[in-house]
Amino acid sequence: MVAMLLLRSKWSVAVAIVVSVSVGVLFCSGYTPSNSGKQSTISDTAYAGTASCRSCHQAIYDSFLATAHYRTSRPASAATIKGSFDSGKNVFSYNPFMQVRLEAEGEQHFQTVYVNGEPTHRESFDIVVGSGKKGQTFLYWKEAQLYQLPVSWFVPSQSWCNSPGYPPGMPRFNRLIPARCIECHGSGAVAETNENNVSYFDRNSIEYGISCERCHGPAAAHVNWHTQHPGDKQSKFMQSQDKWTRAQQVDLCALCHSGIRVPLKPAFSFTAGDRLEDFSRPKYNADSAAMLDVHGNQYGLMTSSKCFLNSNMTCSSCHDTHRQEAGNLAVFSARCLNCHGEGAKAVCKINPGNAFVLHENCIDCHMPLLPSKAIFLQMADPGKSTADPVRTHFVSVYPDAMKAFMKQVKRKQKHT
Ligand code: HEC
Ligand code: HEC
Ligand code: HEC
Ligand code: HEC
Ligand code: HEC
Ligand code: HEC
Ligand code: HEC
């Protein structure tokens, strides 16, 4: 979740600070480990790897490469770091004496602290976390441990900012990254996590991005069978999501999209088809709901909606996770009409006028972009922070959103 705080300081114009980039940032900092010892990994022989799916599922494979899931973590390179290294844009100032400079040298990229113009500390960009939709944060290796770099890239303002999780004021390099972070932003890692939630990784074991098998389970047997039996058009050795219960289907997405949870088992224990309640418990109740946010808890909001309660809806009723569909509200609206089209029990009676095509956008009226405090889940400190607006998954009637939307429509009609 990205919540933005605008600070005005004496020596600079507004500096955008990402208070907390994701559920996980809160989750990780407040997490009490209940496990230690060797953690499981998905890099064993039961898994075949995403590239192996291409030969038989080419269309899915090709479109999947463009998704935020596939791109959510990658080795750092000029191609994967979205932030700018151009002179004039490559500095983040903490105070008049301390800066971090973003430096590119050949294939490598660095964050270097300068105190009164003298370099004092430098680490390299090793891993990029975040597809770059809202922001990217960067990790560096120190032996078997991963740490967050002091400066992150904030997409809405196209600028570098102090990394989420670090206090403002001066650059720091000491935020350890636990395996949980990679559990949501990657597909596997061999790591040992101790009782203080410190993870020691096998550096070469990190599986970047969310793989096909993260959602479909291990597929080596499936690949082997179908490679040896090209005539067999019946899927073998592969779970069928169609045969899963609704809870199994929704739990897969909830693993990473239900916000702060209390873990019961080590990272990467959950595999596709499992029930999430065996691996973690929701952390929120009426009292701690203040910590939650609309960003991270699509699951909690969707499952409270009438749509979900009165149908067999899953996340896949609206999302095709094999494609990059963000921003295409007409596609999503067509999926609403699968249940709310002509003849359905509940149909929209709103008729905003002839020139306006209602069917192309159900979303701005019924799932508006809201500052996170606008629904029953509130920001921790609404007085202090301005939340970044996000698409609520509590599908309902929002009179204010409707007014704003109608104004926009009328303005557009005037111009055409
Ligand atoms: C419980 C799962 C979970 C954990 C743990 C987690 N994240 Fe996230 N993170 C998400 C989800 C889901 C999103 C997308 C938020 C949304 O749009 O609702 C996200 C978004 C982000 C983004 C913005 C991505 C973009 O392109 O806009 C960054 C950066 C990020 N997380 C970094 C981290 C880091 C660093 C850690 C570990 C310290 C971490 N996250 C831990 C689930 C998690
Ligand atoms: C050698 C060919 C081949 C390869 C490689 C292959 N598959 Fe399949 N897969 C098939 C065939 C054949 C089917 C059944 C027809 C169909 O649904 O396309 C299938 C079906 C599936 C299904 C649907 C199962 C169901 O019952 O709903 C999934 C999911 C799947 N494959 C995932 C994968 C993944 C993930 C990979 C890569 C790790 C992969 N496949 C690699 C041939 C292959
Ligand atoms: C974020 C989770 C997720 C990822 C990642 C993912 N899938 Fe799927 N996949 C699903 C879901 C959910 C369904 C069932 C869709 C439905 O019920 O409409 C599905 C269905 C399928 C099917 C059967 C239906 C069809 O569309 O043919 C195949 C084959 C498949 N996936 C292959 C792949 C391959 C290959 C990859 C990687 C290139 C991949 N999937 C990545 C979630 C995922
Ligand atoms: C292993 C963790 C994980 C699982 C499982 C997972 N997601 Fe995600 N999802 C993420 C993360 C992390 C992001 C943010 C990626 C980014 O922008 O860096 C994300 C982003 C998304 C987005 C936003 C995409 C965009 O381009 O704006 C959608 C939609 C989404 N997930 C739906 C689903 C659905 C539906 C499922 C279940 C079928 C699912 N996810 C399963 C981790 C996961
Ligand atoms: C899987 C089927 C399904 C899908 C997809 C679906 N809905 Fe619903 N929705 C329902 C059902 C069932 C109800 C309850 C109707 C009733 O009360 O009888 C409902 C209720 C509603 C309500 C009334 C909510 C309230 O609080 O009174 C609205 C508004 C709504 N849906 C909008 C949408 C929109 C917009 C979309 C697409 C983003 C959508 N729905 C997608 C099944 C669905
Ligand atoms: C009723 C339809 C519907 C259902 C069901 C649904 N979503 Fe969404 N989701 C949307 C729409 C519409 C958007 C906004 C797309 C856009 O703006 O491009 C969205 C956006 C998202 C995003 C990006 C968030 C952001 O603000 O950028 C994530 C992540 C996501 N959905 C995850 C999920 C998960 C996980 C589930 C299941 C628990 C789910 N969705 C179920 C319609 C739905
Ligand atoms: C301009 C805003 C707006 C748009 C666009 C819009 N709706 Fe609505 N919708 C509303 C309002 C307001 C209500 C409540 C009307 C009432 O109570 O009489 C409503 C009611 C509904 C209901 C509940 C009906 C019932 O009987 O309880 C459903 C379902 C619904 N809309 C679905 C949709 C779908 C699907 C779309 C896109 C095809 C859509 N709406 C587009 C504003 C809108």
Placing +1 at every Lys and Arg Cβ and -1 at every Asp and Glu Cβ, with all other atoms neutral, what dipole size does region 3-283 have around its Cα centre, in debye to the nearest 20?
780
Burial ranking of peptide ranges 75-81, 187-193 (average Cβ count within 10 Å, highest at the top)
187-193, 75-81
Quick one: check the C-alpha center-to-center distance for region 180-196 versus region 204-222, whole angstrom.
15
The relative contact order of region 3-283, taking Cα pairs under 8 Å that sit 6 or more residues apart, comes to a percentage of 22
How far apart, in nm, are the 7 Å Cα→Cβ label points at Asn194 and Leu358?
6.3
Accessible-area order (highest first, 1.4 angstrom probe) of the listed residues Lys243, Lys410, Lys142, Lys236:
Lys243, Lys410, Lys142, Lys236
Extension gain (nm, one decimal) between Ile60 and Val155, 0.36 nm per residue minus Cα-Cα
31.4 nm
Check which residues have an amide H placed less than 5 Å from His121's amide H, if you skip close sequence neighbours.
Val113
Quick one: 3J(HN,Hα) in Hz for region 202-208, Karplus 6.51/-1.76/1.60 with θ = phi - 60°, rounded, Gly and Pro as x.
7, 3, 7, 9, 5, 9, 7
Taking Lys and Arg as +1 and Asp and Glu as -1, residues besides Cys318 with C-beta under 10 Å from its C-beta add up to -1
For region 191-241, what does the relative contact order come out to in percent, with C-alpha contacts under 8 Å and a separation of six or more?
25
Exposure of Lys403 as accessible area (Å², to 10), given a probe of 1.4 Å and all protein chains:
140
Beta carbons within 10 angstrom, averaged per residue: use that to sort the peptides 227-235, 265-273, highest first.
265-273, 227-235
Rough spin-label spacing in nm, given labels placed 7 Å along Cα→Cβ, for Glu325 and Ser311
1.2
How far apart, in nanometres, would the label points at Gln108 and Ser77 be if each is projected 7 angstrom from Cα along the Cα-to-Cβ direction?
1.8
FRET efficiency for Ala68 and Ser269 from the Cβ-Cβ distance with R0 = 25 Å, rounded to 0.05, comes out at 0.55
By how many nm would the segment from Gln228 to Ala346 grow when fully extended, if each residue of separation counts as 0.36 nm and the alpha-carbon distance is taken off?
37.5 nm
Contour excess over end-to-end distance, with Cα ends at Phe85 and Ser240 and 0.36 nm allotted per residue:
51.2 nm
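The values are calculated or read from the model by the stated rules, or taken from the named source; none is laboratory data. Only a predicted model underlies this, so the values are computations on that prediction, with no experimental measurement involved. Glycine gets a Cβ as well: all are built from the backbone with ideal geometry, and neighbour counts include every protein chain shown. These accessible areas exclude ligands, DNA and RNA; they are computed on the full protein's heavy atoms, side chains included. Shrake-Rupley method; radii C 1.70, N 1.55, O 1.52, S 1.80 Å.
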